[in-house]
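Take a look at the structure below.
Please treat every number below as a calculation from the coordinates, not as lab data. Here the structure is a predicted model, which means the values were calculated and not measured. With ideal geometry, Cβ positions are generated from the backbone for all residues, glycine too; neighbour counts draw on all protein chains shown.
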Amino acid sequence: MNIKTKRENRIRRRRRVRAVIKGTSARPRLSLFRSNKYIYGQLIDDEKGMTLLSEKGAKTSALKVGELLAKKAGEKGVSRIVFDRGGYKYQGQVRNLAEGARRGGLEF
């Protein structure tokens, strides 16, 4: 019997999602990561293997992080993205970051 931890299960889900989702120059991937204290958002161009921009903030301000990320993306000429929830459930801070990005003007 092989018992997996929550982290191992999340990493398996993340790999499964990233096998399908790819970011391009025209439509980069919005990837997020949650730590115990912060939430991170990055816009990634998978074709070039580059991070276009990133934003970090306290988990309680995930909505604001999403809005700041959208504002920075707009300045770089990015309006459409692909959302990568990183294996996390779409609730709480993950949902708030996505909603903030939508409020800021990004299209998913």
Could you check the stretch 39-52 and list, in sequence order, the residues that are under 13 Å from the mean Cα position of the chain (by Cα) and surrounded by fewer than 16 Cβ atoms within 10 Å (Cβ to Cβ)? 51
Residue tally, condition closer than 25 Å to residue 91 by Cβ, in a loop (DSSP other than H, G, I, E, B) and touching a Lys or Arg at 6+ places or on another chain (Cβ under 6 Å), over the stretch 22-51: 2
Tally the residues that are within 21 Å of residue 74 (Cα to Cα), loosely packed, with under 14 Cβ neighbours inside 10 Å and of a type in the set (D, E, K, R), restricting the search to the stretch 2-38. 0
So which residues in the stretch 57-101 are under 11 Å from the mean Cα position of the chain (by Cα), within 13 Å of residue 28 (Cα to Cα), of a type outside the set (Val, Ile, Thr) and outside any helix (DSSP H, G or I), if there are any at all? 83, 84
Suppose we filter the stretch 9-31 for residues that are among the aliphatic types (A, V, I, L, M) and over 16 Å from residue 50 (Cα atoms); how many remain? 4
Residues (surrounded by 14 or more Cβ atoms within 10 Å (Cβ to Cβ) and of a type in the set (Phe, Trp, Tyr)) located in the stretch 68-93: 83, 88
Just give me the residues in the stretch 84-108 being of a type outside the set (Ser, Thr, Tyr), closer than 20 Å to residue 11 by Cβ, touching a residue at least 60 places away in the same chain (Cβ under 8 Å) and touching a helix residue (DSSP H, G or I) at 6+ places or on another chain (Cβ under 6 Å), in sequence order. 85, 86, 87, 97
Give me the pairs: first residue in the stretch 68-79 and within 16 Å of residue 32 (Cα to Cα), second residue in a helix (DSSP H, G or I) and of a type in the set (A, V, I, L, M, F, W, C), beta-carbon distance under 7 Å, and six or more apart or on different chains, which are they? 69/101; 70/101
